[in-house]
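Take a look at the structure set out below.
The values are calculated or read from the model by the stated rules, or taken from the named source; none is laboratory data. For clarity, every value in this text was computed on a predicted model and none was experimentally measured. Glycine also receives a Cβ, built like all others from the backbone with ideal geometry; neighbour counts cover every protein chain displayed.
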Amino acid sequence: MSPSPREVGRPYAAALTELLGRAGAIRTQPWAEAFASVPRHAFVPEWYEQETDGRGIAVWRRRQASGTAGIADVYRDVTLVTGLDPATAKQVDTDAWTGVATSSSTLPSLMAGMLEDLDIEDGHRVLEIGTGTGYNAGLLSARLGEENVFTMDIDQELVDLAQKHLDSIGCRPHLLTGDGTQSWPGDGTLDRIIATCSVPSIPDAWVEQLRPGGVLLTDVALGIEGGLVRLSRGADGEARGFFTTNAGRFMAARNRARTYPVKERPPRAPETGSRSTTLTAARIQAHYPLRLVLAFQMPDTELVYYVDETEGMSLQLQRGDGSWARVPIGGDRELVTFGGDEGLWKQAEDVWAWWHLMGRPAQDRFGYVRKADGSAYAWYLPDGSRWDLTD
Ligand SMILES: C[S@@+](CC[C@H](N)C(=O)[O-])C[C@H]1O[C@@H](n2cnc3c(N)ncnc32)[C@H](O)[C@@H]1O
């Protein structure tokens, strides 16, 4: 008889658990036991590894968890992409594709940090939005018992696959198919909600189905940047909390099973000038909390890479009205070039000046409140700053 996935995975899962413990991602014994007992390779029999092909194009190459080396690779502390959007995926050779990722097995250290941050207690009922491979549902089931775990994905094919993976280790949490940002089809209230896809704001349904005192943990995507928030629901229907020390980002929740809608962008305003600036690309790239405050302060604005044959690569802010401003990456040029409203970059510079003046606070010093009426704001207690957030 061939060994079970749990037997095969045991030494690898033990090594991963130790690594996550040393990194401070696993902080408590129950989660160490869960990570040591759930074999990740049973959930990720194959995945796509990003590489650059001979023409310099980024492609996803299919890898399989077979043989000792293949299995060991699944137990690295890396995100493993497991699904590609069929609308964008193009096969470029026998086992490589280009395209947008639609599902993955999350970075284990991030997953462990989030599970610890949930402060789960025995007997809690937990809903996970974003089943993906089912690995996280397997971990939750190991910690809480499968009867207390509900997991939901928008893609029926992924749910079926996750069911198969969970079955292979004899684990049967409640699997649900549907848009997890809408009402939950289960009964009763929940103690915890964890989303492994991002949302622009907290859906009404999550607050409604969480008991007062319950906790929800999700990635809020705000345009320029986003972050993980851990919120407690009050009896008044308000959910309050802070951005967490974990700064991971997740793929966006979508409302269709397989594809993402194509984003419409306005035409870019013509270039109007350039000047020197102290807000360099290096500073924006180096400081995650700075990008978060930029996102609070500048709704309707994105941060993208811009490539120009003569200028090289830049970081560009672009707003919904077509205004833009960009700073070159690399070199020592402290120059901003812009088009449309010149005030766009000035606003960003003011955020940099404020964040620096405040002593460059980390993201977990910033609060997030989702009011009972659905509106939300971020705040910084020491100087009373508050930013109203729009979808
Ligand atoms: C990063 S993956 C989840 C990883 C997963 N927790 C694991 O352990 O493998 C994100 C998942 O969210 C799912 N998703 C996207 N939009 C969704 C929605 N509106 N409702 C439920 N699931 C959604 C995707 O199909 C994808 O499987």
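Points worth noting:
- Applying the criterion of at least 2 residues that are within 12 Å of the ligand (Cβ to nearest atom) to the strands (runs of 3 or more DSSP E) found wholly in the stretch 73-182 leaves 80-84, 101-105, 126-129, 149-153, 174-177.
- The residue list Asp373, Asp321 contains one member that is outside any helix (DSSP H, G or I) and assigned by TED's automatic domain parsing to the domain that holds Ile202, which is Asp373.
- Residue match in the stretch 294-316 (condition: out of contact with any Lys or Arg (no Cβ under 7 Å at 6 or more places or on another chain) and at positive phi): yes
- For the stretch 337-391, taking the residues that are within 16 Å of Tyr288 (Cβ to Cβ) and among the hydroxyl-bearing types (Ser, Thr, Tyr), the one that is surrounded by the fewest Cβ atoms within 10 Å (Cβ to Cβ) is identified as Tyr380.
- Any hit, the stretch 82-90, residues being modelled with pLDDT under 95 and either under 23 Å from Ile169 (Cα atoms) or not assigned by TED's automatic domain parsing to the domain that holds Thr244 (or both): yes
- All positions within the stretch 185-207 that are more than 20 Å from Leu389 (Cβ to Cβ) and within 16 Å of the ligand (Cβ to nearest atom): Pro185, Gly186, Leu190, Arg192, Ile194, Thr196
- When the stretch 97-130 is filtered for residues that are hydroxyl-bearing (Ser, Thr, Tyr) and over 22 Å from Thr82 (Cα atoms), nothing remains.
- When the stretch 286-330 is filtered for residues that are among the basic types (Lys, Arg) and either touching a Cys at 6+ places or on another chain (Cβ under 9 Å) or touching a residue at least 40 places away in the same chain (Cβ under 8 Å) (or both), only Arg291 remains.
- When the stretch 27-72 is filtered for residues that are among the hydroxyl-bearing types (Ser, Thr, Tyr), in contact with a Lys or Arg (Cβ under 8 Å, 6 or more places away or on another chain) and part of a helix (DSSP H, G or I), only Ser37 remains.
- Within the stretch 101-113, residues that are over 16 Å from Thr28 (Cβ atoms) have Cβ atoms under 7 Å from residues that are among the polar types (S, T, N, Q) and more than 9 Å from the ligand (Cβ to nearest atom) in these pairs: Leu110/Asn246, counting only partners at least 6 apart in sequence or on another chain.
- For the stretch 198-224, the tally of residues that are under 18 Å from Arg254 (Cα atoms) and part of a loop (DSSP other than H, G, I, E, B) stands at 6.
- Condition met for Cys171 (out of contact with any Lys or Arg (no Cβ under 7 Å at 6 or more places or on another chain), of a type in the set (A, V, I, L, M, F, W, C), assigned by TED's automatic domain parsing to the domain that holds Arg249 and within 23 Å of Pro3 (Cα to Cα)): yes
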